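Worksheet: the structure to be examined is printed underneath.
The values are calculated or read from the model by the stated rules, or taken from the named source; none is laboratory data. None of these values were measured; they are calculated from a predicted model. Cβ placement follows ideal geometry from the backbone for every residue including glycine, while neighbour counts extend to all protein chains displayed.
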Amino acid sequence: MYDLVIIGSGPAGLSAAVYAKRAGLNMIIIEKNPVSGGQIIDTYEVDNYLGIPGVNGFDLGMKFREHADKLGAEFVDATVTGVECVDKGSDTKAPVYKVVTDNGEFETHTVILATGAHHSKLQIPGEEEFIGKGVSYCATCDGAFYRGKVTAVNGGGDVAVEDAIFLSRFCSKVYLIHRRDELRATKILQEELFGLDNIEVIWDSVVKEIKGEDKVTHLVVENVKNKETNNLDVDGIFVAIGIVPSTDLFENLIDCDEKGYVIASEDGATSAPGIFVAGDSRKKRLRQIVTAVADGANAVTSVQDFLVGKEK
Ligand SMILES: Cc1cc2nc3c(=O)[nH]c(=O)nc-3n(C[C@H](O)[C@H](O)[C@H](O)COP(=O)(O)OP(=O)(O)OC[C@H]3O[C@@H](n4cnc5c(N)ncnc54)[C@H](O)[C@@H]3O)c2cc1C
């Protein structure tokens, strides 16, 4: 029986692990990926995390993990498939939850959900068929395979613009396809993008279909204003249209909003007593590393407060 099970070892989960170990809680942290660090391990540069400008995302993830390891946090390699309430507890008695995974079950008095988020899909014909054969969701991971080739990035936010800039270093040509006539990305990224000769922005357009034989050869692109469609020859497409929370497993246990983000108060407490949330999977304004690590620390403080005076 644990005091705390943390699900997910991205920035939020790792920060929670550091605070929980220092607080002397009997805890484990469960991660489904072979590598900790969450979404940041796929980004080539993080330039807004205080005190470590221009750090590689993977390296930052490894630093976070090393910190938790150094304090003796126990990691379990497993995918959580559900959380069940065994005993609701009371004002004087701690609840009991069973965390079910593909590598065993774990009983605990409290849980911190730090499962973060994952990439949205376009949900168009050809997308599933060509994943790994020209369709990618991670420019940092797959960009180098497209050296000297023509690629497209779909999206208009920071990640899409960063991806296009990154790909321009390898590819002969990069198209940035965006459904509107202006980008959402920060100005500093836009300035860099517009200064690169081998990037062309295709405005007011959406990808309707991804086509090819063994691998991607072209995209069917529609102009949303005049409804004209054109074939765009590319060797690959990088989809960067946003993220969705990884919370579907918990929707029956705790309250989530219409997009699936967990509803929680300032202290990370969810609608189920003893279950707390931290990081990108919670409803909040800004989803970044700095807010995820803050949430992780905050959630552990809430766990400690919650367990005070409760019989275990
Ligand atoms: C390409 C990209 C670039 C970014 N750049 C920046 C940046 O420059 N600066 C910045 O501040 N932020 C950046 N972000 C955002 C930042 O990465 C996130 O805000 C942050 O990673 C959120 O941390 P998290 O721990 O909440 O979730 P995540 O990082 O999503 O981690 C969640 C973890 O939970 C695990 N998990 C999920 N479900 C389960 C399950 N069922 N069982 C077990 N484990 C599970 C996942 O494998 C993952 O390791 C970027 C994001 C992306 C995608």
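For region 1-38, which residues satisfy the criterion of being within 11 Å of the ligand (Cβ to nearest atom) and out of contact with any helix residue (DSSP H, G or I) (no Cβ under 8 Å at 6 or more places or on another chain)?
Correct list: VAL5, ILE30, LYS32, ASN33, PRO34.
Would you please name the residue that is nearest to the ligand (Cβ to nearest atom), looking only at residues in region 276-307 that are of a type in the set (D, E, K, R) and more than 20 Å from HIS67 (Cβ to Cβ)? Even if it seems obvious, please write down each step before you answer.
Just the residues of region 276-307 that are of a type in the set (D, E, K, R), to begin with: 280, 282-285, 287, 295, 305.
Narrowing the set further to residues that are more than 20 Å from HIS67 (Cβ to Cβ) leaves 282-285, 287, 305.
Working: ARG282: 8, LYS283: 13, LYS284: 10, ARG285: 12, ARG287: 4, ASP305: 21 Å.
The selected residue is ARG287.
Cβ-Cβ distance below 7 Å, separation of 6 or more or different chains: which pairs start in region 27-47 with a residue that is under 20 Å from ILE243 (Cα atoms) and without any contact (Cβ under 8 Å) to a residue 60 or more places away in the chain and end on one that is near the ligand (Cβ under 6 Å from one of its atoms) and in a loop (DSSP other than H, G, I, E, B)?
Within 7 Å, the pairs are GLU31/GLY8; GLU31/SER9; LYS32/THR79; SER36/SER9; GLY37/GLY10.
Here's a check for you: in region 61-80, which residue that is among the small types (Gly, Ala, Ser) and within 9 Å of the ligand (Cβ to nearest atom) is nearest to GLY37 (Cα to Cα)?
In the first step, residues of region 61-80 are kept if they are among the small types (Gly, Ala, Ser); the result is 61, 68, 72-73, 78.
Now drop any that are not within 9 Å of the ligand (Cβ to nearest atom), which leaves 61, 78.
Numbers: GLY61: 4, ALA78: 15 Å.
Among those residues, the one meeting the criterion is GLY61.
Kindly indicate the residue of region 53-104 that is among the acidic types (Asp, Glu) and under 19 Å from the mean Cα position of the chain (by Cα) and also surrounded by the most Cβ atoms within 10 Å (Cβ to Cβ) among those meeting that condition.
If we filter region 53-104 for residues that are among the acidic types (Asp, Glu), which is where we start, we get 59, 66, 69, 74, 77, 84, 87, 91, 102.
From what's left, under 19 Å from the mean Cα position of the chain (by Cα): 59, 77.
Details: ASP59: 14, ASP77: 12.
Once the filter is applied, the top-ranked residue is ASP59.
What are the pairs with Cβ atoms under 6 angstrom where one residue, in region 170-182, is within 12 Å of LEU193 (Cβ to Cβ) and the other, located anywhere, is outside any strand (DSSP E or B) and polar (S, T, N, Q)? Sequence gap at least six, or different chains.
Pairs found: VAL174/SER168.
List, please: which pairs have Cβ atoms under 6 Å, are six or more places apart or on different chains, and start with a residue in region 205-227 that is under 12 Å from VAL135 (Cβ atoms) and end with one that is at pLDDT 95 or above and among the acidic types (Asp, Glu)?
So the pair list comes out as ILE210/GLU127.
So, restricting to strands (runs of 3 or more DSSP E) that lie completely within region 1-107, which ones have at least 3 residues that are under 14 Å from VAL300 (Cα atoms) and aliphatic (A, V, I, L, M)?
2-7, 27-31
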